[in-house]
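Since the structure comes first, as structure tokens, the remarks are kept for the end.
Since every read-out is calculated from the coordinates, none of them should be taken as a lab result. Everything quoted here is computed from the prediction, not taken from an experiment. Reconstructed Cβ throughout: ideal geometry from the backbone, glycine too, with neighbour counts over all protein chains shown.
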Amino acid sequence: MENRFVPVCLLALVLTGCSQSSQGGEHPVTSTSATTTATTRTTTAPTTTTRPQPIAFRQGETATAGCAGTKCDLSFTLTKITDCTGEYAGSPPPEGSVRKLLWVEVETGSRFSTTDLPSGAFTQFTAINARGFTSGRINPSSYWTCAPEGSRMGAGDENWLPGKKYGGAIEVYLPLDAVKVVNAQGFWEWQVD
């Protein structure tokens, strides 16, 4: 149990504390749209020991982690959410949900390490409804074939390497009342349009 606690704490520190500026304890978060130049959003560091609210992004904006100056260890973009288009094994989705594909693009920096930034922290999702209630993990399986072959990305079983780009679809059971999807241990969220 202690061995799992340390990586989660390290991930929390990397996502919330590594980019802390010396002015007012703020964390710069860079986001870029596919069609615009880079913009910077700043969030205030939490003053309590509770987990901060997720940082909201629009589909197509890029979230970053482990940044030092202009270089980041990880850039993560949820580009779009689409319907299931392929064949799949198994039973229908649970009642009150629908199969969807979350299309993501990942770029790792030269200092990227799966020990500090495990892929499962970014490719596993939960959903939030309009009343603010969070569902459990909504990834059914990395082996189902809802996405076209060659475009499938699992839910934490990737062996990402430094200095690489990855992309593909992550299959989820999206609750019908979902208005947001959240990943990275609850640090980033995207609107479901």
Review point. Among E61, E87, what is the fewest-to-most ranking by other Cβ atoms within 10 Å?
Key: E87, E61
Exercise for review: Please give every one of the lysines within straight-line cross-link reach of K180, meaning a C-alpha to C-alpha distance under 22 Å, and leave out same-chain neighbours fewer than 8 residues apart.
Suggested key: K80, K100
Exercise for review: Scan around S97 for amide H atoms under 5 Å from its own, H built in the peptide plane at 1.01 Å from N, and keep only partners 5 or more places away or cross-chain.
Suggested key: L176
Study note, to complete from the structure: Footprinting proxy, V179, V104: sorted fewest to most Cβ within 10 Å, the residues are V179, V104
Check your understanding: So how do I170, I55, I128 line up by other beta-carbon neighbours within 10 Å, fewest first?
Key -> I55, I128, I170
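Under 37 °C and 0.692 mPa s, how fast does segment 104-193 diffuse according to Stokes-Einstein, given a Kirkwood radius computed over C-alpha pairs? Answer in µm²/s, whole number.
Value of D from the Cα-based Kirkwood radius: 237 µm²/s.
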Practice item. State whether segment 81-148 is rounded, prolate or oblate according to the following rule on the C-alpha gyration tensor (a ≥ b ≥ c being the square roots of its eigenvalues): a/c under 1.5 gives rounded; otherwise a/b larger than b/c gives prolate, and the remaining case gives oblate. Key: oblate
Study note, to complete from the structure: Plugging the Cβ-Cβ distance of T82 and T115 into 1/(1 + (r/R0)^6) at R0 = 35 Å yields, to the nearest 0.05, a FRET efficiency of 0.60
**Study point:** For K80, distant residues with modelled amide H under 5 Å away
**Key:** W103
